[in-house]
Structures are given as structure tokens and as C-alpha cells.
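Okay, structure first, notes after.
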Amino acid sequence: MSRAALRGEPVDVRRPKPQPSKQFQQPRRPVPAATPPVLIQDQGEGEGLPVTATLAEIVERRAKSKAHYRPTRKATPPAVEAPEGEDSASGPAIWLLDALRFCEEQDAQVQVERTQIFVKERVQRQSLPRLSELLDLEPFRPKRGKGFGTAGAGALAAKLHELARIFLAAHLYLYSKDGKPPKQVVMHLCAEMLAKSLGICDNTLREWTAQLQATGYVYARQHFTSMTNENGVSVTGVDGTLYAVRLAPGHEARLRYRDYKRQYRDLDADRAAGRTAFNAIANAKKRFEEAKILECVVDDEIFIEGSPDPVGQMQAEMSEQLRRWVVIPGNVTTQNPLKADPAINDAAEAERLLQGVQDVVHALPALLEAHKSKRAALVGMMGAALARDLKDAHSRLYYCKVIWQAWQAEIEGRDGLQALAAELQRLEVDRREWKGLRRPAALLASRLRAA
């Protein structure tokens with residue numbers, strides 16, 4: 001009994017109800033007070049009294065709008081930087097950052113190794129095998145008939161082997177890391193110019209190519225690209241012929257899908273500039289006819305004593321055009337490539353002609369024939385052209401110094417101009433094929449130091 005019952009006081013015998021805890025109590029929403037009416041003016045004037053709407057109706061109507069159904073953005077917690085040596089729950093793990101840093105260091109090391117191989121040339125490159133080691137030329141010699149005593153299809157094999165050496169000298173990255181040459185090279189050439197350089201017709205060239213292709217020494221196919229015709233319509237046209245040439249004994253030359261898909265020339269730009277095989281062959285024929293008239297040559301087989309051979313000159317000119325084409329496809333000139341351009345001795349004309357690295361390469365032999373009073377100006381124009389094309393304007397004097405050193409080595413009996421021309425040709429090839437090359441001037445400087 002309770003103390004109140006003992007004292008005789010009235011006691012509530014009903015069981016008391018337990019009071020709920022505060023954490024289980026549900027808060028009750030307060031009843032909103034009546035909102036005063038809000039007057040909304042009707043859109044029309046003088047059409048009636050204003051429409052009365054409460055604030056609650058306005059809020060409810062706006063809440064039903066689609067623009068207010070956007071999901072609420074969760075606030076991102078601020079990033080917490082973990083102390084050094086510890087992992088953070090919100091940030092990346094330390095081991096992951098270390099792994100990424102290790103991968104970046106490995107990639108940088110690979111780039112350094114490639115630079116050492118192809119730029120500084122620390123690895124001794126192996127020499128290419130001779131043509132006799134790659135192909136037996138005796139079965140291709142005609143045993144009778146008009147071609148008796150000639151090399152036959154072996155002449156085409158020798159020409160392709162020569163062009164393959166020039167191509168590989170301008171594409172040193174095709175060598176492996178241990179200095180081994182590739183098993184084959186794929187060259188983009190002009191079949192018509194190749195036939196003219198050998199003094200044969202197109203049908204004979206196709207027959208010789210089929211004979212060499214049967215032995216696996218070469219594999220040739222036409223290459224197609226898109227061009228714009230006279231009506232402005234994009235059409236498909238042939239821009240050259242692909243030749244896969246064997247460089248390893250026992251290897252069978254072949255073309256792959258990527259060789260067909262690769263773009264070797266901008267046919268529209270070459271046609272606009274006149275850099276076409278048709279123009280090169282037409283100009284060579286024109287000079288051939290002029291040589292026959294000037295030297296009083298009546299027949300190709302009857303020459304006056306002491307006169308040059310016009311047929312030999314035309315073949316030599318086509319061979320020089322092919323040497324330029326194999327390095328950069330479509331790089332032909334309408335002038336005679338065997339002689340320096342006489343206009344190069346004129347300062348104004350030289351500045352107009354020297355527009356890039358390739359123009360400087362072609363003009364380097366003119367230093368030996370230029371007058372001593374104009375040689376310094378010509379070197380200055382060449383240096384300015386290199387600095388302008390390589391976007392390295394502040395190094396114009398450096399390029400002039402390099403050209404002077406090459407000329408000095410040339411007159412001392414060393415191949416200074418030829419070595420400089422080879423490095424510039426390599427740089428021009430890398431600029432076309434190395435899409436990620438950012439500083440070609442720095443690459444040229446490092447190669448010149450290594451050379």
C-alpha cells in the first residue's frame with residue numbers, strides 16, 4: 001500500500017499510464033493560421049473583378065509545376081586531406097597514387113630510351129643485306145631476243161633495293177631497339193616515273209613486277225585516295241603505287257590493311273601546286289627534246305662525238321625525282337633536279353623560293369656554285385627559312401651557323417652539305433608522321449649534336 005492509502009487519503013486505484021520517452025514522441029505539425037487572401041489581377045483590363053486566391057493555393061499550384069519536380073542536389077562534403085603516410089576514406093589510396101606515379105616514370109623511361117636509340121644513335125645499326133643475298137638475279141636475265149644481255153627484271157629489283165635503302169635512311173625509327181633492320185619496307189612510288197627511270201614502257205614494268213612478285217621479293221598494288229574533280233564532287237582516284245620490298249632473306253613481302261588505309265598524299269593540294277607525276281614527266285620530255293636539238297642529235301642511237309646522251313639524262317632525272325618521292329610522297333619539282341636553279345643566285349627570287357625545310361634541302365647544293373659575294377646572303381635566307389618553318393625565329397643565327405659549318409666541311413672534302421640535307425629530310429619525315437611532335441627544332445638540334 002502506498003503512504004497516501006495509509007493516511008486515509010483517496011487513491012486512484014487505476015493503473016497509471018507510462019509516459020512515453022521523448023525520443024519516441026512524434027512532433028505534431030502546428031496548424032497553420034488562416035492566410036489572408038491575395039488579390040491576383042486578371043490579364044484583361046475592364047473584363048471583370050480581380051480573381052481572389054489564397055497564398056496556400058498559389059504555393060500548391062507552383063508545387064505542381066514540372067519545373068519544381070527537379071531532384072534535390074546532395075551537398076558534397078568537403079575533401080579531407082589525409083596526413084602524409086595515411087589513407088583517406090574520401091580521397092584516393094596512397095598505394096594507387098604510387099602506382100600511377102610508377103607507371104608515369106616507366107613511360108618517361110621508354111621515351112628516353114627511344115630518344116637515345118633514334119636521336120643519339122647509341123645503338124649500332126646493322127647493315128642491310130646485299131641484293132644478291134635477297135634475290136637470285138640470274139633467272140631474270142633474258143636468254144635470247146631483244147633483251148639478251150640485259151638484266152631484265154633484275155634491273156627493277158636493283159632500283160627498288162636502292163630506293164628501299166634511301167627510304168630506310170629517312171625512317172630510322174623502323175629499326176628495332178637492338179639495331180636490327182625491318183624485314184620489309186613499304187614505299188609509295190609512281191609507277192610511270194619508275195618505268196621512265198629504267199627506260200622501259202608501262203607494260204614491261206608490269207611484267208617485271210609480276211616476275212619479282214612470284215618470288216616473294218616485292219608485292220605491288222595501286223593506292224587509292226579521294227580527290228575533288230572539276231565539278232567540285234569528291235571522287236576516288238589513284239595517287240600512286242605501294243611497293244613492299246623484302247629486306248631479310250627468306251621473307252615474303254606483303255601489304256597489310258593499314259598500308260592501304262594510310263593517306264600518303266593530299267592530291268588536291270599537289271594538283272593545285274603542280275606537283276604531279278604528269279608534269280614531272282612532261283617537263284623531262286620537253287628537256288629531252290631540247291637536248292636533242294641543241295646537241296644536234298637526230299636519232300637516239302646515233303650521236304655526235306662529245307655530245308651527252310639525252311636518254312641517259314632523262315633516266316637520271318627521273319631517278320632523282322624518285323629519290324625525292326620515296327622520302328616524301330608527291331615531292332617532285334618541275335625544274336631539272338640535276339642542276340641548281342639559276343634563279344637561286346638572285347636575292348629577291350631566292351627569298352621567294354625558300355619557304356620551308358624542303359626548299360632549303362634542295363637549295364643546299366647551290367652554295368657551291370653561288371658567287372662569293374652572294375653566298376652570305378643565301379645562307380642568311382636559308383637560316384631564316386628554317387627558323388620560320390620550324391617556328392623558332394629566335395634561333396635564325398644558329399641555323400646560319402649550322403649551314404656555314406656544313407659548307408666548310410664540304411669544301412674540306414667531307415660530306416657536310418649531304419649530311420645536313422639528310423638530317424633535314426629526316427626531320428621533314430618526322431613532322432609528317434609524328435603527330436605528337438611539339439618541338440621539331442629541338443629534335444633537329446639534338447640530332448645535329450649527335451651527328
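The values are calculated or read from the model by the stated rules, or taken from the named source; none is laboratory data. Keep in mind that what you see is a predicted model, and the values were worked out from it rather than measured. Positions of Cβ are backbone-derived with ideal geometry, glycine not excepted, and every protein chain shown enters the neighbour counts.
Here are some notes:
- Residue 251 falls short on exactly one of the conditions (1) within 16 Å of residue 164 (Cα to Cα); (2) outside any loop (DSSP other than H, G, I, E, B), and that condition is (2).
- Checking residue 204 against (1) over 27 Å from residue 324 (Cβ atoms); (2) modelled with pLDDT of 90 or more; (3) of a type in the set (S, T, N, Q), the condition it does not meet: (1)
- Consider region 227-248 and keep the residues that are of a type in the set (S, T, N, Q) and out of contact with any His (no Cβ under 8 Å at 6 or more places or on another chain). The one that is farthest from residue 163 (Cα to Cα) is 231.
- Number of residues in region 257-271 that are touching a residue at least 12 places away in the same chain (Cβ under 8 Å) and out of contact with any Gly (no Cβ under 9 Å at 6 or more places or on another chain) equals 5.
- Number of the condition not met by residue 157 [criteria: (1) buried (at least 20 other Cβ atoms within 10 Å of the Cβ); (2) closer than 21 Å to residue 329 by Cβ; (3) of a type outside the set (D, E, K, R)]: (2)
- The residues of region 193-222 that are among the basic types (Lys, Arg) and buried (at least 16 other Cβ atoms within 10 Å of the Cβ) amount to a single one, 196.
- Leading residue by the ranking (nearest to the chain's Cα centre (by Cα)) among those in region 197-211 that are farther than 19 Å from residue 221 by Cβ and small (Gly, Ala, Ser): 197
- Flag if residue 419 is under 26 Å from the mean Cα position of the chain (by Cα), aliphatic (A, V, I, L, M), farther than 14 Å from residue 359 by Cα and part of a helix (DSSP H, G or I): yes
- Any hit, region 362-372, residues being buried (at least 16 other Cβ atoms within 10 Å of the Cβ) and acidic (Asp, Glu): no
- Test: residue 291 is assigned by TED's automatic domain parsing to the domain that holds residue 231, under 32 Å from the mean Cα position of the chain (by Cα), modelled with pLDDT of 65 or more and not charged (D, E, K, R): no
- Residues satisfying the stated conditions in region 225-255, i.e. free of Cβ contacts under 8 Å to residues at least 24 places away in the same chain and of a type outside the set (Gly, Ala, Ser): 229, 230, 231, 233, 235, 236, 238
- Residues of region 189-222 that turn out to be under 20 Å from residue 254 (Cα atoms) and in contact with an Asp or Glu (Cβ under 6 Å, 6 or more places away or on another chain), as a count: 1
- Residue in region 180-224 that is nearest to residue 125 (Cα to Cα), counting only those that are of a type in the set (Ser, Thr, Tyr) and touching a residue at least 40 places away in the same chain (Cβ under 8 Å): 217
- Test: residue 275 is in a loop (DSSP other than H, G, I, E, B) and within 21 Å of residue 320 (Cβ to Cβ): yes
- Residue that is nearest to the chain's Cα centre (by Cα) [pool: residues in region 251-283 that are surrounded by fewer than 16 Cβ atoms within 10 Å (Cβ to Cβ) and of a type in the set (Phe, Trp, Tyr)]: 260
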